[in-house]
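J.: There's a structure below that I have some questions on.
Bear in mind that the values in this text are calculations on the coordinates, not laboratory data. Worth saying up front: this structure is predicted, and the values here are computed from it rather than measured. Please note: Cβ atoms are built from the backbone with ideal geometry, for glycine as well, and neighbour counts cover all protein chains shown.
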Amino acid sequence: MMPTEAYMEYKWRVVEACLERNPGAIVLEEPETFNLYCYAEGFRDAWQEYYSEPFADPALSPENRYRANKLFAHMWTVFIDEIGRRIKESHPEVEYLIASHSIAGYGSWDMTSSISDYTKSEYVDGIIAQVWSDAVNVPIAYAGDKVSRPFENAYFDYATFVGAQNGKLMYMLCDAASDNNYSWELRRELWHETLVAQLMQPEARRFQSIIWPDRSIGLAGQEYKTEQLQAYTMQQSIGESAATVYAGTQGIALGVSDTYSYHRVENGTSYELADSFYGLSLPLVERGIPLGAVSLDHLTSAADLEGVEVLLLTYDIMKPVSEQVNQAIADWVRAGGVALYLGGVDDWENVDGEWWTEQGTSAYGDLIDRLGLELTARPMNDMSDFSWSGPSG
């Protein structure tokens, strides 16, 4: 699916046909693009229009790939806004929802999406936070092993949705079956872990409980059918009830940006970027710390970090969308917040046209300047000339 103007007009005809039946909501399913689809003619034309230059093959450099994925995200944002505008003009009473995987999940599958952009839209009423059994079963590297960690994986998937919610409605989904031909025993185990991860989010108050009942309930054994129906009844009963999680140390969050899906390469190391992402999050979740996620794309002031005491940051595999993000973090630190930055030099520091390259700096360097620090660092294997003149402790 390439979100060109022609595809948008086709999709609008489909939506119009649905609106004639007076639905309660219209859901756009998974606005996403596999990164390898960048060679389509429509995308080449969009590149020329957006960048005012001929198409540059993303396989040739990390910079080209970054710019391609940024364009994918832009095209989907325009697409969603335009469909939403038309829905609200003709049927303002109809909810407009976006069903999506998490930004963390998309990174593991070499796909591009832009969830924080969707939740900025004035036309979007809410999101469906989709966490699938197949996705949470993908092996993740941690502590020298690469194995499936479905609970930790699902927990942080949901946390990233909460971080990107931006005041919109949020319906949480977990999959009782799978797209893969797993045994029913494994499907049930993955569903258990995903459901528990979902309910450990205090914000879990609305649910899309039954999805594709012909496969999730219809094909399941009698005991599993009963268990699913009991869980769905429970979800409906808790509704808008307030919730609190009593677990670990509160107030620790990881900064997450949709630009994570722009940071891709063509030589097979994209999964290493996913390993880096999970390396910042899963060790804490595994130890019982209810790690939260903060959408860097929504930061406009220190007030947006209310409730966060420690913010984990890296700009190696994602970037702040503007200098305003760094200023908000710097103001928050001066007010008493603690930012723990991990990272160094990366392949995307010199992307043409980005705000930091236009200012002759890096995203990390701009943050250090706004914090008022004088910091000089060298590669990890060369600690000579390392100095620190910031506060002690």
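J.: If we count every other residue with Cβ under 10 angstrom of Ser114's Cβ, Lys/Arg +1 and Asp/Glu -1, where does the sum land?
T.: That works out to -2.
J.: Taking 7 Å along the Cα-to-C-beta vector as the label spot, tell me the Val147-Thr226 distance in nanometres, rounded to one decimal.
T.: 3.3 nm
J.: On full extension of the chain, what length is gained from Asp304 through Tyr37, given 0.36 nm per residue of separation minus the C-alpha to C-alpha distance?
T.: 92.5 nm
J.: Give the shape of the range 210-289 as rounded, prolate or oblate, defined through the alpha-carbon gyration tensor: a ≥ b ≥ c are the square roots of its eigenvalues, a/c under 1.5 means rounded, and otherwise the shape is prolate if a/b is larger than b/c and oblate if not.
T.: It is oblate, given that a/c is not under 1.5 and a/b is not larger than b/c.
J.: Considering the dipole of the chain built from charges on the beta carbon (Lys and Arg +1, Asp and Glu -1) around the Cα centre, which of Tyr364, Met8, Val131 is farthest to its positive end?
T.: The residue sitting most towards the positive pole is Val131.
J.: Can you work out the Karplus-derived ³J(HN,Hα) for every residue in the range 60-70? Use 6.51 cos²θ - 1.76 cosθ + 1.60 with θ = phi - 60°, whole Hz, and x for glycine or proline.
T.: With coefficients 6.51, -1.76 and 1.60, one gets 8, 6, x, 5, 4, 5, 4, 5, 5, 5, 4 Hz.
J.: Between Glu53 and Val245, what FRET efficiency comes out of the Förster formula 1/(1 + (r/R0)^6) with R0 = 51 Å and r the beta carbon distance, rounded to 0.05?
T.: 0.55
J.: Right, next: With +1 on each Lys and Arg Cβ and -1 on each Asp and Glu Cβ, how big is the dipole of the chain about its Cα centre, in debye rounded to the nearest 20?
T.: Roughly 940 debye for the chain.
J.: While we're here: Work through the residues other than Gly343 whose Cβ is under 12 Å from its Cβ and net out their charges, Lys, Arg +1 and Asp, Glu -1.
T.: Surrounding charge for Gly343 is -2.
J.: For the range 1-105, with only Lys/Arg (+1) and Asp/Glu (-1) charged at the beta-carbon, what is the dipole magnitude about the Cα centre, in debye rounded to 20?
T.: 140 debye
J.: Cα centroid distance between the range 51-74 and the range 345-359, in Å?
T.: Here the two parts' Cα centres lie 14 Å apart.
J.: Evaluate the charge dipole of the range 178-279 about its Cα centre and quote only its size in Debye, nearest 20, assuming +1 on the Cβ of each Lys and Arg and -1 on the Cβ of each Asp and Glu.
T.: 300 debye
J.: Taking square-rooted eigenvalues a ≥ b ≥ c of the alpha carbon gyration tensor, is the chain rounded, prolate or oblate, where a/c under 1.5 means rounded and, failing that, a/b exceeding b/c means prolate?
T.: It is oblate, given that a/c is not under 1.5 and a/b is not larger than b/c.
J.: Does the range 1-156 classify as rounded, prolate or oblate by the C-alpha gyration tensor (a ≥ b ≥ c root eigenvalues; a/c under 1.5 gives rounded; else a/b over b/c gives prolate, otherwise oblate)?
T.: Here the range 1-156 falls in the oblate category.
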